[in-house]
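Every number here is computed from the coordinates shown, using simple stated rules; none is lab data. These numbers were taken from a predicted model, which means no experiment stands behind them. Every residue, glycine among them, receives a Cβ derived from its backbone with ideal geometry; neighbour counts consider all protein chains shown.
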Amino acid sequence: MTTFVLASLALAALALAFLMPPLWRQARGTAVVLLVALPLATLGLYAMLGVPAALDPANVKLPETLDEAIVQLERRLAEEPASVEGWVLLGRSRMAQQKWPEARDAFAKAHALLPNEPDLMVEYADAQMRAAPDGRFPDSAVALLETVVAGQPTHQRGLFYLGAQRLQAGQPAEAVKVWEQLLPLVDGATAQALVPQLAMAREQAGLPPVQDLPAAGPSPTLELTIELAPALASQLAAGDTLFVFARTVDGAGLPVAVKRMPATGFPVTLGLSDADGLMPAQKLSMQTQVRLMARISKSGDAAAAAGDLEAEGQVVDVADGARFTLVIDRVHP
């Protein structure tokens, strides 16, 4: 597990490096803002899924290098080609290696299995651009980005990349229009990084300079206490993992916030905020209500499995400092 975590951290550290080159040739300013445009890293997938089955030391020898991990993942995908998570992880790993065609092909597999997932559509569009010989977004990638933004106008990565595509295509006024939709949605640090690129696009379009930045609203933090019912205490085992989620009320998409920790020391107190999110386009602060969930996983995976211990979900209002208690009191069938 330690080796995989280190490999995941290495992928995240490489993210800034692999973002720059493809657009640098076409639009220097656009490339700079890519420094703030990788909210999804391999570590996010690790937080959601625990140790992927392809790297489970109970099934195969623990990989000692990233290349070995990728080989094992590819071997596992040959056996389980319907694993969306596996194809996404392979795509991100290939992106980190700057193997753009291989990344594009991996994301194509994931997209074919899950064609309507906005975050995946954006990653696939990004990979297509990087794999393109001219470093530009092909028509198929542009169509994906336009679909994402049309269906989810607050999708931050979709808006960013669509604006970058418009600027790259010599349409600075369109880039301004898209990025000005994005600016009020991002936090202060991201806005500060985006503004110079927006200013450049406005200048190219013959528009007046950027106005003052919008004030960033506070990010709410939900305070949670997770209790374990005494009747289930004997079922707690060493190595069990506690997952605490905040999901959209309808349960669509990935959690808006998630924490993963050893299942020890109950009752456990923790906070959930935007810092615990996986998708910047679906933040805790963007929700009026969320469904809180807690689960003790026997396998280390976030997905529920028979024998896991769990609490009944609660739909709650999102308010900074609001306190809630979840009691883990049942066994997942």
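Some notes on this structure:
- Cα gyration tensor, the stretch 222-331 - rounded (a/c under 1.5), prolate or oblate: prolate
- Rounded to whole Å, the principal axis extents of the Cα atoms in the stretch 65-184 read 47, 28, 24, largest first.
- Fewest-first sequence of Trp87, Trp100 by Cβ atoms within 10 Å of each Cβ: Trp100, Trp87
- Counting beta carbons within 10 Å around each of Thr241, Thr264, Thr225 and listing the fewest first gives the order Thr264, Thr225, Thr241.
- In plain terms, the residue of Asp250, Asp320, Asp126, Asp105 with the fewest other Cβ atoms within 10 Å comes first and the most crowded comes last, giving Asp250, Asp320, Asp105, Asp126.
- A Förster distance of 45 Å, applied to the separation of the beta-carbon atoms of His332 and Asp134, puts the FRET efficiency at 0.35.
- Relative contact order (%) - criterion: Cα under 8 Å, at least six apart; region: the stretch 74-214: 13 percent
- 3J(HN,Hα) from dihedral phi, the stretch 132-140, Karplus parametrisation 6.51/-1.76/1.60, rounded to Hz, x for glycine, proline: 5, x, 8, x, 10, 6, x, 4, 5
- The stretch 222-331: relative contact order as a whole-number percent, Cα under 8 Å and 6+ apart: 35 percent
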